[in-house]
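Right, one structure below, let's go through it.
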Amino acid sequence: MKTVRTVKDKLGTLLFGKDLRVTEGEPYTEVREGDYSSYYPVGNYIDFDQLIPENSLSIIAFGADTDKDENENTSAIQSAIDKCHSDGGGTVLIEGGHYTVTTLYLRSGVTLFIEKNSALSANTSGKGYSHNALIYAFDCDSITITGGGKIIGNGTLFGLKPVKENMFSPSPVIDVIRMRQDYRAQLRFAHKSKYGSILLTEKCRNVKIHNIIFEDSPWWTYKMLMCNEVTITDTVINNNRNVANSDGFDIAGSCNVSIDHCFVSTADDGVVLKNAVWCGCEKEMYNIKIRNCEVISRTNCFKIGTETTYDIYGVTVEDCKFFMTDLYPGAVSGISLEACDGARVHDITVRNIYMNRCTCPLFIRLCNRNRAAEVTSSTANKTEIVKEDDNTRPVNKSTFDGKSEIYNITVENITSENAELPVIVAGYRQKSKTKPCRNITLRNFDITYRDATEIEDRRLFIPEYAKVYPECWRFRNLPAYALWARHCENLKIENFNCKGICGTWRKEKILIDCR
């Protein structure tokens, strides 16, 4: 296999390689080996013997039946939820098996208790849904989902056939261009029937998700939009790892959120923070804590961005494991911290993280994509899902232009095995103006590279990429193997070690315009 990229090869990669996105065809429903993780420690997270609260309202009493269609079951279960709410709150019991439904509306004061061996299951046509969600709650207070059962999104049924079969053997050569192509060739991109998320809570307060399994989401599994006081514990997300855009937990414009002792296996970002006007966000978000979680992701295990027009701060991620099991390529990044659309991302702490097979252990990126000037909530995700038309318009191009900042970031006590790219920290220079990442501390890093040959990709310069989608793979094979940093102010590096790579054409660390 070729290990040196020629001038002709470089010209062919100017557009970052061929994008193998499938856009047409019938839904591809086959479940292939490797679609779901071989590592699935559900018993470490779920209590299958959780006690059912007394005086629960059983959906069977309202006419739900596992043999009925989605319309009958949806009507029956919604009646139980509405009755529970009107009685001042309580528990609706999902028992007796799997119930096919379309969109259900949660109400204030209601606990949805799905007992073990029971489930709510999305209908397989993609029709009959509203708000792009299987379960939807708006402006609710004190809602809970628990019980040890499942909510099944049937996401595998709403994608198109991938270009390639699943890949299990790592490439003998570390080549980012090829890596990206191989990854995208395995994805099931959206069929027009894709309906949306398993769970969407919007402008809700006091939300508790505990002891529940979300399975096979078509899109963002749990999207919390403009919520306050959300607590998620002992929760499992087990998605098809090739269903495009099937994020795990999407924290959008929400504050005072805690995710503790959860397992996520998914195709897109595992835990991601977003705060953009086109997502429906309206103001800053803060006080987010993620701890004691295992996350398997084909993209970024933990990520802030890319949708970031409003500020994000006061975030702590600690005592987690980020990894990929048997598929190749591994995760794009273990940790990705991005500000590209106007937000100030600051006062972030990530510590005590073990990673394995995360291509880039840490990606910190400040740029000026300014996407709000180009998209609306209807058009931003048009290739991911057919969204409802809301008649919104892009904002004035000057509203968020050049406003993004990244500062006061501490990442420490990181162990990363089988890495394939260096840690990347990059501000940007655009129109003769430089914006640096500021006050970045990297402390106690122990990185070990995957044992492989690397492509020799010498370039006269590395473009700024200030206006494009921020991603570590965008920078291709960089001329440093441990750390590559550009446009940084007060970058502190303490006890930073990288091993397992020898005979390389690259330098250990490259710092450009850093002080």
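The table that follows gives values for the structure above.
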item: Filtered residue count, the stretch 256-304, keeping only those that are more than 22 Å from D47 (Cα to Cα), open to solvent by 10 Å² or more (accessible area, probe 1.4 Å), more than 15 Å from the chain's Cα centre (by Cα) and of a type outside the set (S, T, N, Q); result: 8
item: Residues (surrounded by fewer than 20 Cβ atoms within 10 Å (Cβ to Cβ) and in contact with a strand residue (DSSP E or B) (Cβ under 7 Å, 6 or more places away or on another chain)) located in the stretch 312-333; result: Y313, G314, T316, E318, D319, K321, T325
item: Every pair of residues 6+ apart whose Cβ atoms lie under 7 Å, when the first sits in the stretch 44-62 and is buried (at least 18 other Cβ atoms within 10 Å of the Cβ) while the second is of a type in the set (F, W, Y) and not in a loop (DSSP other than H, G, I, E, B); result: Y45/F263; S56/F113
item: Hits in the stretch 336-388 - residues which are among the hydroxyl-bearing types (S, T, Y) and open to solvent by less than 10 Å² (accessible area, probe 1.4 Å); result: S336, T359
item: Qualifying position, being acidic (D, E), in a helix (DSSP H, G or I) and modelled with pLDDT of 95 or more, among D9, D47, D82; result: D82
item: Any hit, the stretch 475-488, residues being modelled with pLDDT under 95, crowded, with 20+ Cβ neighbours inside 10 Å, over 28 Å from the mean Cα position of the chain (by Cα) and over 17 Å from N408 (Cα atoms); result: no
item: Unmet criterion (only one of (1) surrounded by fewer than 20 Cβ atoms within 10 Å (Cβ to Cβ); (2) out of contact with any Pro (no Cβ under 7 Å at 6 or more places or on another chain)) for T453; result: (2)
item: Y183 vs. criteria under 19 Å from the mean Cα position of the chain (by Cα), in a loop (DSSP other than H, G, I, E, B) and either surrounded by 20 or more Cβ atoms within 10 Å (Cβ to Cβ) or at pLDDT 95 or above (or both); result: no
item: Identity of the residue in the stretch 186-209, open to solvent by 10 Å² or more (accessible area, probe 1.4 Å) and outside any loop (DSSP other than H, G, I, E, B), that ends up nearest to D451 (Cα to Cα); result: A190
item: Qualifying residue in the stretch 210-221 (condition: acidic (D, E) and more than 23 Å from K116 (Cα to Cα)); result: no
item: Of residues in the stretch 85-111 being assigned to a loop (DSSP other than H, G, I, E, B) and among the hydroxyl-bearing types (S, T, Y), the one surrounded by the fewest Cβ atoms within 10 Å (Cβ to Cβ); result: S108
item: R241, sole failed condition from (1) open to solvent by less than 10 Å² (accessible area, probe 1.4 Å); (2) touching a strand residue (DSSP E or B) at 6+ places or on another chain (Cβ under 6 Å); result: (2)
item: Pairs, first farther than 20 Å from S118 by Cβ in the stretch 128-154, second open to solvent by 30 Å² or more (accessible area, probe 1.4 Å) and assigned to a strand (DSSP E or B), C-beta under 6 Å, six or more apart; result: Y136/Y105; F138/E202; D141/R205; D141/N206; S142/N206
item: Residue list for the stretch 354-382, filter: farther than 14 Å from E307 by Cβ, at pLDDT 90 or above and not aromatic (F, W, Y); result: M355, N356, R357, C358, T359, C360, P361, L362, I364, L366, N368
item: Hits in the stretch 298-336 - residues which are part of a loop (DSSP other than H, G, I, E, B) and farther than 20 Å from T410 by Cα; result: R298, T299, T309, Y310, M324, T325, D326, L327, Y328, P329, G330
item: Failed condition for V230, given (1) open to solvent by 10 Å² or more (accessible area, probe 1.4 Å); (2) out of contact with any Phe, Trp or Tyr (no Cβ under 7 Å at 6 or more places or on another chain); (3) not aromatic (F, W, Y); result: (1)
item: The one condition in (1) at pLDDT below 95; (2) in a strand (DSSP E or B) that I114 fails to fulfil; result: (1)
item: From E456, E471, E494, residue being closer than 29 Å to R369 by Cβ and acidic (D, E); result: E471
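The values are calculated or read from the model by the stated rules, or taken from the named source; none is laboratory data. Just so it is clear, the structure is predicted and the values come from calculations on it, not from any experiment. Every residue, glycine as well, gets a Cβ built from its backbone with ideal geometry; the counts of neighbours run over all protein chains shown. Accessible surface is based on the protein model in full, side chains and every heavy atom, while ligands, DNA and RNA are left aside. Shrake-Rupley method; radii C 1.70, N 1.55, O 1.52, S 1.80 Å.
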